[in-house]
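So the structure is just underneath, and the comments pick up after that.
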Amino acid sequence: IHSMLRPLQSLDTYNDDYYHWSFVDRKSRNLLLLGGAGPDLDGSGLAQPNPVWKEVKVMAKERETKFRSAVETRAKEFAQEKQSLGRMVKTNVNRPKALLNVPVMATVEDDDNESGEGGDNVSSDKDYVLEQRRNRVQLWKARVSIDKGYSAFLSLTELRRLIQANASQPQLVNELMGDVRSNVDLMHASLGVIVRVNPDGSREMIIDEARLSSTLSLPKGRILCARVIEGGILPHQSACEILPMAWHAIASKAPASAADDGEDRLLRALTGLVLTVQPSVDPSILCRCLDATISIGEDLSNITQSRTRMELLHSILSNGKSKCAQDSDLDGVWKEKETAFMQVLASQQK
């Protein structure tokens, strides 16, 4: 009975039933768009719970740790008493199983084959092993960075709901802003955004193209970038600074064959960012997007083979032309870049 009642005695309902409440929230928002009812979907009158404060999370974690410790101790004592062959500990969702630690086989070098053809083979084998090792390191760096970004994304989503629920209490909101800033910094680091403060107090954003390309090279990273832009979690200025680099990283590679790799969702999120009227994308950033398109070269087949890529390119061209026409400093610059792009497009048609 105690095991059946434990899920009903949660101190943090929002996190413990996160996927259920996310489904309820998405379904209620879709119904509102269609003119239907609000969050009361099943007639039970149950609204989505608000996130809890840090102190309650600490208490919930301590209670869960104490419970698991008691269960493991009881299982161990039972195994020793009954002299069983082993025991299976219940899986902990907060600590997933580690991957198999497979050792890398060392290349055995023969001193007799260091010269001539044998030496060349050994050298090529060593180069291959080193290249594979570098690729694995880069892959795991990208995975770790993406995981940190997802943790920051979920924390910011929770903090936003918590701030909205306590909007009438400025003191509590100010206490939460420190957590908001730290999680935004983690999100920036995951997407390669570096924020520097100049001596005059102004802030400057620099995009680490290598880090951003590494994140966007994996489907999970592309979906993360799309979700933070769609939900307004990533600051608008940061999203605008990412736009040219992200467009170049995507357009410079051939479209993926899989339909669920996250690329289309990211492209639609970037297209929505370009088409948004308020807040809008600065015209200078659209000029940089056009520069990124021209830098790809004369072969634009990577763009023309994808409908979503063409939609983003069309939004950049149409919005960039209209916005730069209103700025005397950028009007001539845009026309020069547009002429260069038309020359690339003409050579593509030939």
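Values computed for the structure shown
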{"read-out": "Segment ILE206-VAL137, length gained on full extension (0.36 nm per residue, minus Cα span)", "value": "22.4 nm"}
{"read-out": "In the range 257-321, GluC sites (Glu not before Pro) in a DSSP loop with at most 10 other beta-carbon atoms within 10 Å", "value": "none"}
{"read-out": "Net charge contributed by nearby residues that have their C-beta within less than 14 Å of ILE296 (K/R +1, D/E -1)", "value": "+1"}
{"read-out": "Cleavage-rule hits, trypsin sites (Lys or Arg not before Pro), the range 132-168, DSSP coil, Cβ neighbours within 10 Å at most 14", "value": "none"}
{"read-out": "Ranking by accessible area, most exposed first, for PHE23, PHE153 with a 1.4 Å probe", "value": "PHE23, PHE153"}
{"read-out": "Debye log10 I(q)/I(0) at q = 0.11, 0.15, 0.18, 0.22 Å⁻¹ for the range 228-350, Cα point scatterers", "value": "-0.36, -0.67, -0.96, -1.36"}
{"read-out": "Estimated FRET transfer efficiency when R0 is 41 angstrom, pair ASP282-ALA60 (beta carbons, to 0.05)", "value": "0.40"}
{"read-out": "Theoretical FRET efficiency, 1/(1+(r/R0)^6), r = Cβ-Cβ of ALA165 and ASP185, R0 22 Å, to 0.05", "value": "0.40"}
{"read-out": "Charge tally in the Cβ shell below 10 Å around LEU266, where Lys, Arg are +1 and Asp, Glu are -1, LEU266 excluded", "value": "0"}
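The values are calculated or read from the model by the stated rules, or taken from the named source; none is laboratory data. Every value quoted in this text rests on a predicted model; they were computed, and no experiment measured them. Neighbour counts run over all protein chains shown; Cβ positions are idealised from the backbone, glycine included. Quick note on the areas: whole protein, heavy atoms, side chains included, nothing else; ligands and nucleic acids left out. Shrake-Rupley method; radii C 1.70, N 1.55, O 1.52, S 1.80 Å.
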